[in-house]
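Chemist: Pasting a structure below so you can have a look.
The values are calculated or read from the model by the stated rules, or taken from the named source; none is laboratory data. Being a predicted model, the structure only gives us computed values, none of them experimental. When we count neighbours, we look across all protein chains shown, and the Cβ atoms used for this are built from the backbone with ideal geometry, even at glycine.
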Amino acid sequence: MKTKILIYISLALVCSGMLTACGRKEETTQPAMVPKDEYRVTLTDAQLRNAPVETRQLAAQPVAAVLKLNGKIDVPPQNIISVSTPLGGYLKSTRLLPGMKVTKGAVIAIVENPQFVQLQQAYLEAKSKLHFASLDYDRQKLLNQSQASSDKIMQQAQSEMNSQQILMNAVAQQLQLVNISPASVTPDNIRRSIPVYSSINGYVSKVNVNIGKYVNPSDILFELVNPDDIHLNLKVYEKDLEFLRPGLRLVAYTNTNPDKKYEGVVHLISRNVDAGGLAEVHCHFEKYDRDLIPGIYMNAEVQTETTLTHVLPEESVVEFEGKTYVFIEEKTKTYRLTPVTVGTMEKGFIQVLNDQDFSGKNIVTKNAYTLLMKLKNTEETTE
């Protein structure tokens, strides 16, 4: 019995030893799993020859900070002309349409009114009475000199002459208000219609009347705009006023055509802040463009004072999954994709805001996108 027990124990020990040996063999043959670094890429010598990689460290360079604003095209009040007629009347003719060019002194409408006839009649009557009063005064003056007429009669004649002179001059001024020259008014040349002239060189922005319509003296027939002093009226928040001053350069563009840039300069800065915390900035364009008409909404980028900041060439920065990165050289032929926070772009360089993360490090400045493609291809192959 003891012999059988010893045999069973021996067999158990042998089996146990075999199982342990097999376990150790499996452990030694299984390869160790090394986690892959998804942000590191290594190039071969052949790859470097086909796409040479250049590196550099951050460099300090003066960069102008950009303040982004928006506003509308506007013209100063003195360049917007509202056309009306002092006595009103019926619009007899006009050929104006919005957008049409006008020149100073050109006839833009004809207005008809019976009051024009009455004014010319009053002028001719006053002129005639003035002539008679002048003759009577000259006669009374001669009689007074020969003691044939009293001083009182001569003074009355002089007063009548002066009254008629005042009346004629007053009516003459009214005629000039309606563009009738008093010198042209004669008994044979009485007109019932008068011309309306353009007082500026510009274009028509509004037409508020039609032929046959009666207009009152307070009605505006047309609105004319002189574009010589067209400007950009920007809105700026109170907190940003300290960064602005007259003379700063800007670039403006519309939402419909953002690629077309209009250069300008800050001219005036309002010191009045409205209830919404906004102030107005008056800017002038360097060159007038006929496409810029009052009311157009525009965006503007104002270059504020330059500051010394760390920059990299724009080609150093790559975009990946909606974020910006640069490649840092870890060792020869090995580079790491590293997040970067960028700011202003100017003249081919881009501002690095988290510059402290790259102190003393070599950053790839050439073929950065080649490294990104290699990194992405490696990930896809691994998957």
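Chemist: Take I269 and decide whether it is assigned by TED's automatic domain parsing to the domain that holds S93, among the β-branched types (V, I, T) and modelled with pLDDT under 95.
Modeler: Numbers: assigned by TED's automatic domain parsing to the domain that holds S93: no; among the β-branched types (V, I, T): yes; modelled with pLDDT under 95: yes.
So I269 does not fit the description; no.
Chemist: To continue, here is another question. Give the range 218-259 a look and list any residue that's exposed (fewer than 12 other Cβ atoms within 10 Å of the Cβ) and of a type in the set (G, A, S), or say none.
Modeler: S218, G247
Chemist: Same structure again: Any residue that is in the same structural domain as I211 (by TED's automatic domain parsing) and within 25 Å of R290 (Cα to Cα) - is there at least one of those in the range 113-121? Full working, then the answer.
Modeler: Let us first name the residues in the range 113-121 that are in the same structural domain as I211 (by TED's automatic domain parsing), namely 113-121.
So of that shortlist, the ones also within 25 Å of R290 (Cα to Cα) come out as none.
No: zero hits.
Chemist: May I pose another question? Of the residues V171, V236, which single one is touching a Leu at 6+ places or on another chain (Cβ under 7 Å), β-branched (V, I, T), closer than 30 Å to V66 by Cβ and at pLDDT 90 or above?
Modeler: V236
Chemist: Can you find even one residue in the range 209-218 that is within 27 Å of P77 (Cα to Cα) and part of a helix (DSSP H, G or I)?
Modeler: no
Chemist: Continuing with this model, one more query. Just to be sure, is D74 of a type in the set (D, E) and either touching a Cys at 6+ places or on another chain (Cβ under 7 Å) or surrounded by fewer than 12 Cβ atoms within 10 Å (Cβ to Cβ) (or both)?
Modeler: On the way: of a type in the set (D, E): yes; either touching a Cys at 6+ places or on another chain (Cβ under 7 Å) or surrounded by fewer than 12 Cβ atoms within 10 Å (Cβ to Cβ) (or both): no.
Considered against the rule, which asks whether it is of a type in the set (D, E) and either touching a Cys at 6+ places or on another chain (Cβ under 7 Å) or surrounded by fewer than 12 Cβ atoms within 10 Å (Cβ to Cβ) (or both), D74 comes out as no.
Chemist: Next up: In the same structural domain as D259 (by TED's automatic domain parsing) and closer than 30 Å to V251 by Cβ, is that true of N354?
Modeler: On the way: in the same structural domain as D259 (by TED's automatic domain parsing): no; closer than 30 Å to V251 by Cβ: yes.
Answer is no for this residue.
Chemist: I would also like to ask the following. Filter the range 196-219 down to the residues that are under 32 Å from the mean Cα position of the chain (by Cα) and hydrophobic (A, V, I, L, M, F, W, C) and list them by number.
Modeler: I200, V204, V207, V209 - these are the residues of the range 196-219 that are under 32 Å from the mean Cα position of the chain (by Cα) and hydrophobic (A, V, I, L, M, F, W, C).
Chemist: Can you tell me which residue is farthest from I110 (Cα to Cα) among those in the range 213-237 that are touching a Lys or Arg at 6+ places or on another chain (Cβ under 8 Å) and not hydrophobic (A, V, I, L, M, F, W, C)?
Modeler: N233
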